[in-house]
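What follows is a short report on a single structure.
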Amino acid sequence: MEDKVLDYHDTLLRVRDVCLLTGPNWLNDAILGFYFSFLQKDKYASLRRSVSFVDASVSFLVANVAEGDVAEILEPLGLQSRQIVLFSVSNNEDVEVPEGGSHWSLLVFRKGERGGMDTFEHYDSAGAVNERAASGLVAAVAPYLCNSRRHKFTSSPAATPRQDNGHDCGLYVLAVADAVCSAHELSQSGNVDEESTLTRKLGKITPGFIADFRLELLDLVEELSSGMDTGTATTLDTASSLEHCEYIA
């Protein structure tokens, strides 16, 4: 069995997962789930009543079950009371391989304010690669999340950052999710326009930013695994566990 590196809230990272951060590798659902958990439980804990995250396994499940089963899956997550819900989206179309697929994107649901229209924004750093998957997910969750039958779906908004390689899509999902939460938090705490703030933050997500972000994620895993987060992570010897990481194609 692979060595555990980090046991954090409801997320378990093993050596192979964390090794993906040490080189130009495609990130798996374990890394995405870990950072979603970090954003929700720690970095943006103040938004816990207004923002929720749905990881890849749940997104895939609700997009591939009968309509009548969606509510049963989502009900425990308390999403109907949230202003914003963020979903990771995969282009996997094989229900026999839940961890399949080759590209990640981010779907953001926003509840309409004061009776306004609910919206879905699909941020795909490769353009329209995941548009079909995102549309399918919207069709599955809209009847449960939306206040009415009418909602707006925007695929790849103009400010969507673009990747320049074939392996950084997962990092773009996490960086955009972080930006969405940051803009929302600022809008809640002061006289800040959320939309323009988000556009400005998305403009900073460049390939250079993403390269640095990969290293920051690795540092975060190492910090949490050393027990520096006041006990929410199990202390493990990350450095020795990662000594033998190699480039994973």
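Placing unit charges on the Cβ atoms only, positive for Lys and Arg and negative for Asp and Glu, gives the stretch 4-241 a dipole magnitude near 740 debye about its Cα centre. A full extension of the chain between Arg16 and Glu75 corresponds to an added length of 18.0 nm, given 0.36 nm per residue minus the alpha carbon distance.
Dipole orientation for the chain: of the candidates Val15, Val192, Gln83, Val192 has the Cα lying most toward the positive pole (charges on Cβ; Lys, Arg +1; Asp, Glu -1). A cysteine counts as unpartnered when no other cysteine's C-beta lies under 4.7 Å of its own; in the chain this applies to Cys146, Cys169, Cys181. In the stretch 1-90, Rg over Rh equals 1.01, where Rg is the alpha-carbon radius of gyration and Rh the Kirkwood radius from pairwise Cα distances.
The amide H of Val54, built 1.01 Å from its N in the peptide plane, has Leu86, Phe87, Ser88 as neighbours under 5 Å, considering only residues 5 or more places off or on other chains. In the chain, the DSSP-assigned H stretches of four residues or longer account for a calculated mean residue ellipticity at 222 nm of -12000 deg cm²/dmol, using -39500 (n - 2.57) per stretch and the full residue count as denominator. Remark: the stretch 171-180, residue by residue, has Karplus-estimated 3J(HN,Hα) of 5, 5, 4, 5, 5, 5, 4, 4, 5, 4 Hz, where x stands for each Gly or Pro and the curve is 6.51 cos²θ - 1.76 cosθ + 1.60 at θ = phi - 60°.
Please report the antiparallel percentage of DSSP beta bridges with both residues in the stretch 20-129, rounded to the nearest 5. Among the beta bridges of the stretch 20-129, antiparallel pairing accounts for roughly 75 percent. The three principal axes of the C-alpha atoms in the stretch 169-208 carry coordinate ranges of 32, 14, 12 Å, sorted with the longest axis first. Peptide packing: for 169-182, 212-225, 150-163, the average count of neighbouring Cβ atoms within 10 Å per residue gives the ranking 169-182, 212-225, 150-163, highest mean first.
Label sites at Ser196 and Ala66, each approximated as a point 7 angstrom past Cα along Cα to Cβ, lie 5.1 nm apart. Give the angle, between 0 and 90 degrees and rounded to the nearest 10, that separates the Cα long axis of helix 207-225 from the longest principal axis of the Cα atoms of the chain. On a 0 to 90 degree scale, this one is about 70. Each residue of the stretch 4-19 was assigned a 3J(HN,Hα) from its phi angle through the Karplus curve 6.51 cos²θ - 1.76 cosθ + 1.60 (θ = phi - 60°); the sequence is 7, 9, 8, 10, 10, 6, 9, 10, 10, 10, 10, 3, 4, 5, 5, 4 Hz, with glycine and proline shown as x.
Considering only DSSP beta bridges with both partners in the chain, what is the antiparallel share in %, to the nearest 5?
So the antiparallel bridges in the chain amount to around 65 percent.
Candidate values [x] 9; [y] 16; [z] 32 were compared with percent of Cα pairs over 33 Å apart computed on the shown model; the agreeing label is [y].
No lab work stands behind these numbers, since they all come straight from the coordinates. In this text the structure is predicted, and so the values were computed from the model without any measurement. Heads up, the Cβs are rebuilt from the backbone with ideal geometry, glycines too, and the neighbour counts pull from every protein chain shown.
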